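Novice: I have a structure I would like to understand better, so I am pasting it below and will then ask my questions one at a time.
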Amino acid sequence: MEKYKQLSMEERSLIQTQLIWGFKPSWIALSLGRSVSTITRELKRNNWVKSTGIAIRGRPPIAGKYRAVLAQDRAHCLSVVPRVARRLLVGSELWKVVMNYLKQGYSPEQIAGTLKTVNADYPSLQVSHETIYSAIYLMPRGELRTEVIGWLRFGHAKRKPRARGEDRRGQIPDMVSIHDRPPEVEERLVPGHWEGDLIKGKGNRTAVGTIVERTTLFTVLAKLEKATAESAVTGFSHVLNRIEGQKRLSMTYDQGKEMSRHAQITENTGVKVYFADPHSPWQRGINENTNGLLRQYLPKGEDLSIFSQEDLDQIAWQLNTRPRKSLGFKCPAQLFTPEAFDFKQHHAAIFALQP
């Protein structure tokens with residue numbers, strides 16, 4: 001389908017001329033190769049008066065009051081002046097707040113949800129995620145625009161196929177299938193059931209353990225010295241034992257060889273380990289999605305051994321204090337530790353708007 005083009009000054013001049021000659025709008029449309037509706041809308045919005053054929057005193061209005069120059073000026077003004085003033089302008093106080101959130105790793109959707117929560121009584125201090133995207137991509141080309149776009153979280157990269165010859169199945173003794181999990185795990189009604197995995201670094205020689213609570217999306221990261229079963233026992237046992245007992249009930253993992261000593265983790269922490277089917281990442285979709293978010297902090301191809309447990313705790317805290325759309329724009333820390341975290345107080349302290 002051919003893209004619609006606005007009427008030009010030449011076409012408007014021809015419209016005025018043909019109106020003077022007495023042509024009907026349908027004839028004018030045919031001569032210009034335009035649809036009749038294009039011509040009739042143009043005439044209507046520029047005060048054209050249809051001839052009634054009845055004799056009137058005085059000189060009849062030339063071209064039905066249609067003036068090509070005035071019509072062109074009007075069209076130009078409407079094309080450069082928005083009908084509604086933009087809420088998010090570069091350099092405004094709201095823009096500065098949005099930029100602060102972007103620097104903290106928030107997505108435009110998370111920013112919009114947060115502003116709606118913390119500024120519930122002030123609609124002028126709220127903005128939609130579409131407005132944020134529009135404001136960013138309408139910025140003039142240059143270093144600033146490139147920097148701001150760099151803060152956005154882009155689409156997930158394609159999952160790379162596993163290296164040939166690497167078989168991770170059949171190495172885990174006494175594993176219990178995901179299909180044998182109690183119903184309450186699947187229903188996600190009670191906190192305490194987790195999904196786990198590894199994020200691997202350069203050459204698959206370094207790794208970080210990730211576990212995500214299925215109900216609240218609360219994330220915990222574990223430092224592993226190596227991507228081995230022994231390191232997994234040490235790292236996962238350490239971080240799981242920091243969680244109160246009633247909130248560490250089970251963990252669902254893939255069939256990675258690093259979990260071959262899962263019985264030792266259960267003995268150390270009381271957490272029952274279940275295993276997903278081979279090549280079925282959707283069975284641990286919450287963890288897979290979280291790993292994608294964590295790649296912003298733990299990039300592929302990097303040496304992950306440089307991150308201490310304190311560093312990983314700080315990364316997890318940033319993720320746990322971000323609002324999530326699936327949680328009604330509440331954040332994981334709000335739901336997992338409601339007695340210790342105040343969402344509004346946390347964000348007001350960092351991103352309070354200046355009067």
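Every read-out reported here was derived from the displayed coordinates using simple, explicitly stated rules and does not represent laboratory data. Note that this is a predicted model, so its numbers are computed, not measured. Methodologically, a virtual Cβ is constructed for each residue, glycine included, from the backbone with ideal geometry; neighbour enumeration extends over all protein chains shown.
Novice: Under a no-solvent Debye model with one identical scatterer per Cα of region 93-151, what's log10 I(q)/I(0) at q = 0.13, 0.15, 0.21, 0.24 Å⁻¹?
Specialist: Log10 of I(q)/I(0), two decimals: -0.31, -0.41, -0.77, -0.98.
Novice: Can I ask one more? Over the chain, with a Gaussian network built from C-alpha contacts below 10 Å, which listed residue (Asp311, Asp180, Asp342) shows the highest mean-square fluctuation?
Specialist: Asp180
Novice: At most 11 other Cβ atoms within 10 Å plus a DSSP loop assignment makes a site exposed; report the longest stretch of the chain without any exposed chymotrypsin sites (Phe, Trp or Tyr not before Pro).
Specialist: Between the exposed loop sites, the longest stretch runs 155-355.
Novice: I'd like the FRET efficiency for Glu130 and Ser305, computed as 1/(1 + (r/R0)^6) with the beta carbon distance as r and R0 of 41 Å, rounded to 0.05. Could you put the intermediate results ahead of the total?
Specialist: Numbers: r = 41 Å, r/R0 = 1.00.
Efficiency, from the Cβ-Cβ distance: 0.50.
Novice: Oh, and also: Working out 0.36 nm times the residue gap between Lys116 and Ser177, then minus their Cα-Cα distance, what length gain in nm do you get to one decimal?
Specialist: 17.8 nm
Novice: Going down the list Lys226/Lys247; Lys116/Lys272; Lys116/Lys223, which pairs span over 32 Å between their C-alpha atoms? Before the final figure, lay out the partial values.
Specialist: On the way: Lys226/Lys247 27 Å; Lys116/Lys272 39 Å; Lys116/Lys223 36 Å.
Long pairs (Cα-Cα over 32 Å): Lys116/Lys272; Lys116/Lys223.
Novice: Tell me, how many Å apart are the Cα centres for region 226-252 and for region 1-52?
Specialist: Cα centroid to Cα centroid, the span is 74 Å.
Novice: For the chain, calculate the relative contact order in percent as a whole number, restricting contacts to Cα pairs under 8 Å that are 6 or more residues apart.
Specialist: Relative contact order here is 14 percent.
Novice: Let me ask something else about it. Given only helices, namely DSSP H runs of n ≥ 4 each adding -39500 (n - 2.57), what is the per-residue ellipticity at 222 nm of the chain, to the nearest 500 deg cm²/dmol?
Specialist: Rounded to the nearest 500, it is -11500 deg cm²/dmol.
Novice: In whole Å, what are the extents of region 176-320 along the principal axes defined by its C-alpha atoms, from largest to smallest?
Specialist: 39, 29, 28
Novice: Here are several values of Kirkwood radius over Cα pairs in Å: (i) 20.6; (ii) 25.4; (iii) 21.9. Which one was derived from the coordinates shown?
Specialist: Only one option fits the structure, namely (ii).
Novice: Would you order Glu213, Glu186, Glu230, Glu288 from fewest to most other beta-carbon atoms within 10 Å of each residue's own beta-carbon?
Specialist: Glu186, Glu230, Glu288, Glu213
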